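K.L.:
Structure provided below as structure tokens; questions to follow.
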Amino acid sequence: MTMNLLSLIYFIFFVGIFSLAINRLHLLMILLSLEFIIMSLYFLLIIYLNLLNMDLYFSMFFLVFSVCEGVLGLSILVLMIRFNGNDYFQVLNML
């Protein structure tokens, strides 16, 4: 049971990385892929902490930092749309 669940979580993690590689030109799709990866890592962390009979306080810190990462990404998205009009990375002049 646990091995099937772990293999499913690893598969979800690699699907998130594959989605990140394919949708690398839109900032919103990058942020959604990163949140997908973070949630799979969170589920993996919960399973490992339960298997080792440890406290789940670290998972709370992990969720706080992942929410902060999401908020920072959305604020960058809003600023980018206000200044450039879209979230394409091809349109930006990086010079």
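K.L.:
Find the Rg to Rh ratio for the range 14-57, where Rh is the Kirkwood radius over alpha-carbon pairs and Rg uses the same atoms.
P.N.:
Reported Rg/Rh, Kirkwood definition of Rh: 1.18.
K.L.:
If you don't mind, another one. Test of understanding: what is the full-extension gain from I47 to L74, defined as 0.36 nm times their sequence separation minus their Cα-Cα distance?
P.N.:
The span from I47 to L74 would gain 6.8 nm if fully extended.
K.L.:
Let me ask something else about it. Using θ = phi - 60° and the Karplus relation 6.51 cos²θ - 1.76 cosθ + 1.60, list the HN-Hα couplings for the range 11-25 in order, rounded to whole Hz, with x at every Gly or Pro.
P.N.:
Calculated HN-Hα couplings, in order: 5, 5, 4, 6, 5, x, 5, 5, 5, 5, 6, 6, 9, 7, 9 Hz.
K.L.:
If you count, for each residue, the other Cβ atoms within 10 Å and average over each peptide, how do 25-38, 5-18 line up from highest to lowest?
P.N.:
25-38, 5-18
K.L.:
In whole Å and largest first, what semi-axes does the C-alpha gyration tensor of the range 2-84 yield when each eigenvalue is scaled by 5 and square-rooted?
P.N.:
So the equivalent ellipsoid measures 29, 17, 5 Å along its semi-axes.
K.L.:
So which residue, out of L56, L45, L74, gets the largest mean-square fluctuation from a GNM of the chain using Cα contacts under 10 Å as springs?
P.N.:
Among L56, L45, L74, the largest GNM mean-square fluctuation belongs to L56.
All of the numbers you see were taken from the coordinates with simple rules; none came from a lab. Just so you know, these numbers come straight off a predicted model, no measurement behind them. Don't worry about glycine lacking a Cβ; one is built from the backbone with ideal geometry, like all the others, and counts go over all protein chains shown.
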